[in-house]
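Shown next, in structure tokens, is the structure this report addresses.
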Amino acid sequence: MKFTKDHEWVRLEGDVATVGITKHAADQLGDVVFVETPEAGRAVSQKDGFAVVESVKAASDVYAPVSGEVIEGNDALASAPETVNADPEGAGWFAKIKVLNPAELDGLMDRAAYDQFLTTL
């Protein structure tokens, strides 16, 4: 699993990246009340906003950690947005993206680097 400074995570399986927000991000947002995931077939570029998450505190864009084509949005989050709070780095994933350039993952942090980054906030 790799992480961005914007608190997204990405897990690569073959050429498909599953993407979501980190536990830290979910904790900072508070109770998630709405999630808008991207449609399958949508092209995304690294660092572009591609999803929205709203909580009782704020609304935030979710940024694509890699470029590619969305092959699946997590439609279950529409009726159960609280899944993002309950399991942000598992069942609370936002989208699956067919990765265009796997080298983009090289610029992301591993868990240890992300945990270290959190200590600077």
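The values are calculated or read from the model by the stated rules, or taken from the named source; none is laboratory data. Everything numeric in this text was worked out from a predicted model, so none of it was measured. Here Cβ is always computed from backbone atoms with ideal geometry, including for glycine, and neighbour counts include all displayed protein chains.
Being closer than 18 Å to LEU118 by Cα, at pLDDT 95 or above, of a type in the set (Asp, Glu) and surrounded by fewer than 17 Cβ atoms within 10 Å (Cβ to Cβ) is true of ASP6.
Output the residues belonging to the stretch 56-72 that are in contact with a strand residue (DSSP E or B) (Cβ under 9 Å, 6 or more places away or on another chain) and assigned to a loop (DSSP other than H, G, I, E, B). Spell out the reasoning first.
First, the residues of the stretch 56-72 that are in contact with a strand residue (DSSP E or B) (Cβ under 9 Å, 6 or more places away or on another chain): 56, 59-72.
VAL56, ALA64, PRO65, VAL66, SER67 - these are the residues of the stretch 56-72 that are in contact with a strand residue (DSSP E or B) (Cβ under 9 Å, 6 or more places away or on another chain) and assigned to a loop (DSSP other than H, G, I, E, B).
On the stretch given as the stretch 91-107, residues that are out of contact with any Asp or Glu (no Cβ under 7 Å at 6 or more places or on another chain), in contact (Cβ under 8 Å) with a residue 60 or more places away in the chain and either exposed (fewer than 12 other Cβ atoms within 10 Å of the Cβ) or closer than 25 Å to GLY30 by Cα (or both) total 3. State all residues of the stretch 73-120 that are closer than 28 Å to PHE34 by Cβ, of a type in the set (S, T, N, Q) and in a helix (DSSP H, G or I); if no residue qualifies, say none. Result: SER79, THR83, ASN85.
Report whether or not GLN28 is within 24 Å of THR120 (Cβ to Cβ), touching a residue at least 40 places away in the same chain (Cβ under 8 Å) and polar (S, T, N, Q). Considered against the rule, which asks whether it is within 24 Å of THR120 (Cβ to Cβ), touching a residue at least 40 places away in the same chain (Cβ under 8 Å) and polar (S, T, N, Q), GLN28 comes out as no.
Provide a single number: the residues in the stretch 43-55 that are crowded, with 17+ Cβ neighbours inside 10 Å and either outside any strand (DSSP E or B) or in contact (Cβ under 8 Å) with a residue 60 or more places away in the chain (or both). Full working, then the answer.
First, the residues of the stretch 43-55 that are crowded, with 17+ Cβ neighbours inside 10 Å: 44, 46, 50-51, 53, 55.
Next, only the ones that are either outside any strand (DSSP E or B) or in contact (Cβ under 8 Å) with a residue 60 or more places away in the chain (or both) stay: 46.
The qualifying residues number 1.
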